[in-house]
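Report on the structure given below.
The values are calculated or read from the model by the stated rules, or taken from the named source; none is laboratory data. Predicted, not measured: the structure shown is a model, and the values here were computed from it. Every residue, glycine among them, receives a Cβ derived from its backbone with ideal geometry; neighbour counts consider all protein chains shown. Only protein heavy atoms, including side chains, enter the accessible area calculation; ligands, DNA and RNA are left aside. Shrake-Rupley method; radii C 1.70, N 1.55, O 1.52, S 1.80 Å.
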Amino acid sequence: MNSITLTIDGKLISAPGDQTILEAARENDIHIPTLCNLEGISAVGACRVCLVEVSGSNRLAPSCLTKVAEGMQVQTATDRLREYRKMIVELLFAERNHICSVCVANGNCELQDLAVTVGMDHVRYEYQYPSCSVDVTHKEFGVDHNRCILCTRCVRVCDEVEGAHTWDVSGRGMQSRVITDLNQPWGTATSCTSCGKCVQACPTGALFRQGSTVAEMKKDRELLDFLMTAREKKQWIG
Amino acid sequence: MELAELKELADKEKAEQKPIRIRCCTAAGCLSSNSQAVQQALTDAVTTAGLADRVEVLPVGCMRLCCEGPLVQVDPDGAMYGKVDPGQAASIVGTLQGGQTEARVIDTNMPFFRDQVSIVLENSGRINPERIEDYLSVGGYQALLHVLREMTPNQVVETMTRSGLRGRGGAGYPTGVKWGLIAKQPATQKFVICNADEGDPGAFMDRSVLESDPHRVLEGMAIAAYAIGASQGFVYVRGEYPLAIHRLEIALRQARKMGVLGTQIFESPFNFRIDIRIGAGAFVCGEETALIGSIEGKRGTPRPRPPYPTESGLWQAPTLINNVETLANVAPIITRGAEWYASIGTAKSKGTKVFALAGKVRNTGLVEVPMGITLRKIVEEMGGGSPGGSIKAVQTGGPSGGCIPASALDTPVDYESLTALGSIMGSGGMIVMDDATKMVDVAKFFMEFCMDESCGKCVPCRAGTVQMYRLLARIVEGEATAADVAQLEALCDLVRNTSLCGLGQSAPNPVLSTLRYFREEYNALLQPAPPAPPPSNQRIPLPVARG
Amino acid sequence: MTDAHPSGDKRFKLLDASMKRYQFQPDALIEVLHKAQDLFGHLDHDLLLYIARNLKLPPSRVYGVATFYHLFSFTPKGEHTCLLCLGTACYVKGAAKLQATLEKQWDLKLGDTRSDGKMSLLGARCVGACGLAPVAVLDGKVSGNLNPEALLQLVKGWDGDGTR
Ligand SMILES: Cc1cc2nc3c(=O)[nH]c(=O)nc-3n(C[C@H](O)[C@H](O)[C@H](O)COP(=O)(O)O)c2cc1C
Ligand code: SF4
Ligand code: SF4
Ligand code: FES
């Protein structure tokens, strides 16, 4: 792929033409926040926190999906973008019941990290307090819908990497829930191979290893990175 | 088959028609007011009167003035009757022999009818939608034959571009340009999809066209397929429209049998097959990428564009998606020429637009008007104004559109003018509101709709519409303060600019337009400051920085 | 080859025929769900699993698709159904009053079926008969220009005396 040049936040960058803005930014140590994106699985552009401004267009572009182009000028952290990101994170906190202090992922949660990055100090929106269940019927793992942000990383990793397609999303809009098989207890979902990739892919504490401590949750995430690098780049670096 | 033969078929059909024809509306609206019984009673009355040799009764599609249904019209002199009761059938037939009828006479010279310009609806209410012969008798499928015999695909695209036709599904994208983009794609597999999802609550133009003149849409699809190089098409119809689906099925069967669809159409190398796909109750499936997902048997969640369906659509093949009304304009443009079409309408919005007039207005039903006509002319003259008093606002574009205040009724109807007013042309729903309508309630109604119809994929729309709905509910309940309105406006800005698809991007429009024109109605409902602390403040245990 | 359903219920034969017509293509899922609902009235877990097996789709995908679309229902409907149009034109012309009237009369909420299974009260986004607003579809038949009294008159008899 021929290389092209663009600027991101004023920095002149050259990148392979098939890269996304997000990939090009990351390689050049420019941090763009993401939630639904996960290297190694398809991008869906759902969380909208990676939106950037591209000059010449009045539409914001999801950097996880938008390819770089010659002469492109990208802004990743204008005041407007920062405010939007903060609002989106607050909307997520208000949508389910996120109580970080009692969460297994506390300190190791991408949502929490993002809340800190965007400087969220309180939530301006009314809490929705949906009634959400916790399912611990699986012998190793559990799902706590109170903490799910519907990023569908579990769905994609299970379908695209493991090939089991145990997960999917049911309902729509605010009624959406991730489900296993026919919306049955995870422990009874016969398609599940108990590989644990979904747990590793989950950005929050929604999917967890039972009885795991915070430190173990972190290790899990690294395991997935290893797997993805191996698949994508054929490099086995642990 | 050659043109001469097709014309001969048409002439033969016309010759077989009886000199006096009593047309009875059997579109969904009139059917629900018992028009089938009326049709039967008329048929019986004709036989009883011994007129069967020169009078026929035929079921037709929509005759437009739905509020007066069941509608009956007698040719050739054109007398029209409304709210016809089966009991009045004998006397209506009696008028043919010099009798009197007590049936309610509809004045066909009133502005509602007089000011219409018929292109899309020209056959509606005139032909039997369940007989392809009726469509042939009015020149049907001659445009397709002409295209196959006399025109290259490029010439067809070029004609559509010159006509200035723009998409009638809402966004107004130039149809010829869209066709050209797909025609250029080298792929061998391409698709044509007719978007008949008509999800905007308050719109029923597309249903009417499908129920009244389905072949017109099929012919448009076939011409489009020839122009772009497709051999397979789909009509995606709302599941809520059983009669439209039924008539489409009949039309498809007849068209295949007659050889105007299928393989080697008119003995040319052109093949085109059309299948029906039935929606299952999701407004978002009107959005083109969601619609494609739905045809592929998936959840109807939109995906980011680019790539546009013109490059990668159904099963990744280049795909043309056009609205029902857009496609219904194709055959007449071919027959009468791009220049003729471009001579109707305004500089940037050509041709006519069909509106479904409903709400607090005297005459409800369908109107087809030239672009550039004023809203006032439509709602006050043609619609006859509001029965209960004065018109307060006109809503166009449904949940993606806005409320246009009475003070702006002199605005011409075209894509740009309506957008400038904070609304959109939309697919053609036009709901009239009078003084009794509370505008904040209307905003809340549409927000509830968007919240329920959000697919849930992207965060701003899924979670943002819920918050906007709650704020609107608090305002309506009189519990909100000015700070809540500011919060609402900030959310409108977020959802509009960050949502993934058109549903979320336009969901704030009804709120923004009512805030723009009826802010005093919001203000009247507000509590004085000081504002109550946001309810969320106390409970949330804030994320602790990692340590 | 289909795995014939063990129950021997004839309706499964019809469903099989329909799936066969679509050559068991996964793309036909929504078509097949429509057909299944036509045949069985509603979609229960057993039926969804049967469809998943035959179209060779993951069960979660079938469940996810079925629950996305509001025309599919998962519990049996009542003997009678009243579908109220809640579209814009009907809203402007007082559909909310019709809804309140029936909810009170039947003591149930929109979207529910009464526990005795006699009737369901459903809402539709717009039935496309806006010219006749407000509109209700009573056991499949459209009635327009309604007011609460007229509507009550039309559903009289659903509640037990067996006249309809
Ligand atoms: C939420 C949403 C709903 C839509 N619903 C419809 C619809 O019901 N009918 C339609 O023709 N277009 C609808 N559209 C527009 C389509 O995406 C598409 O632009 C249109 O069908 C293209 O056809 P046209 O160029 O002929 O207008 C909708 C768009 C959005 C974002
Ligand atoms: S369970 Fe986790 S990975 Fe799956 S959608 Fe929810 S937050 Fe995302
Ligand atoms: S804007 Fe709404 S409907 Fe569109 S993708 Fe996002 S959640 Fe779905
Ligand atoms: S990371 Fe790009 S939209 Fe979520």
Filter region A:192-203 for residues that are touching a helix residue (DSSP H, G or I) at 6+ places or on another chain (Cβ under 7 Å) and in a loop (DSSP other than H, G, I, E, B); which is nearest to the other protein chains (Cβ to nearest Cβ)? A:CYS192
Suppose we filter B:SER499, B:SER536 for residues that are more than 16 Å from ligand 2 (Cβ to nearest atom), modelled with pLDDT under 95 and of a type in the set (Ser, Thr, Tyr); which single one remains? B:SER536
Looking at this structure, is A:SER14 surrounded by fewer than 21 Cβ atoms within 10 Å (Cβ to Cβ), at the interface with chain B (Cβ under 9 Å from one of its Cβ atoms) and not in a loop (DSSP other than H, G, I, E, B)? no
Given the structure, is A:ARG147 within 16 Å of ligand 4 (Cβ to nearest atom) and in contact with a Leu (Cβ under 9 Å, 6 or more places away or on another chain)? no
Output the residues belonging to region C:63-112 that are assigned to a loop (DSSP other than H, G, I, E, B), away from chain B (no Cβ under 14 Å) and of a type in the set (A, V, I, L, M). C:LEU108
Looking only at region A:42-54, decide whether some residue is away from ligand 2 (no atom under 16 Å from the Cβ) and either free of Cβ contacts under 8 Å to residues at least 12 places away in the same chain or surrounded by fewer than 16 Cβ atoms within 10 Å (Cβ to Cβ) (or both). no
If a residue has to be within 8 Å of another protein chain (Cβ to nearest Cβ) and acidic (Asp, Glu) to count, how many in region A:93-149 make the cut? 4
Can you spot a residue in region B:212-227 that is closer than 24 Å to B:GLY293 by Cβ, of a type in the set (A, V, I, L, M, F, W, C) and within 14 Å of chain C (Cβ to nearest Cβ)? no
So in region A:61-93, with the set limited to residues that are within 16 Å of ligand 3 (Cβ to nearest atom) and assigned to a helix (DSSP H, G or I), which one is surrounded by the fewest Cβ atoms within 10 Å (Cβ to Cβ)? A:TYR84
Are there any pairs with C-beta distances below 6 angstrom linking a residue in region A:139-160 that is within 16 Å of ligand 3 (Cβ to nearest atom) to a residue that is among the aromatic types (Phe, Trp, Tyr), with the two at least 6 apart or on different chains, and if so which? A:VAL155/A:TRP167
Looking at this structure, is B:GLU296 open to solvent by 10 Å² or more (accessible area, probe 1.4 Å), within 11 Å of ligand 1 (Cβ to nearest atom) and within 26 Å of C:TYR63 (Cβ to Cβ)? no
Tally time: how many residues in region C:63-104 are open to solvent by 40 Å² or more (accessible area, probe 1.4 Å) and touching an Asp or Glu at 6+ places or on another chain (Cβ under 8 Å)? 2
Any residue in region C:117-127 that is without any contact (Cβ under 8 Å) to a residue 24 or more places away in the chain and either outside any strand (DSSP E or B) or not assigned by TED's automatic domain parsing to the domain that holds C:ASP27 (or both)? no
From the list B:GLU416, B:GLU489, pick out the single residue that is part of a helix (DSSP H, G or I) and within 24 Å of the chain's Cα centre (by Cα). B:GLU416
Looking at region A:118-163, which of the residues that are more than 15 Å from A:SER191 (Cα to Cα) and of a type in the set (S, T, N, Q) is modelled with the highest pLDDT? A:THR152
Answer yes or no as to whether A:THR152 is more than 14 Å from chain C (Cβ to nearest Cβ), crowded, with 24+ Cβ neighbours inside 10 Å and hydroxyl-bearing (Ser, Thr, Tyr). no
Could you check region B:284-384 for strands (runs of 3 or more DSSP E) lying wholly inside it with 1 or more residues that are basic (Lys, Arg) and in the same structural domain as B:GLY429 (by TED's automatic domain parsing)? B:352-359
Report whether or not B:LEU512 is at pLDDT 95 or above, within 30 Å of the chain's Cα centre (by Cα), over 24 Å from B:ASP435 (Cβ atoms) and open to solvent by 10 Å² or more (accessible area, probe 1.4 Å). no
Check whether at least one residue in region C:23-32 is exposed (fewer than 12 other Cβ atoms within 10 Å of the Cβ) and out of contact with any Pro (no Cβ under 6 Å at 6 or more places or on another chain), and report yes or no. yes
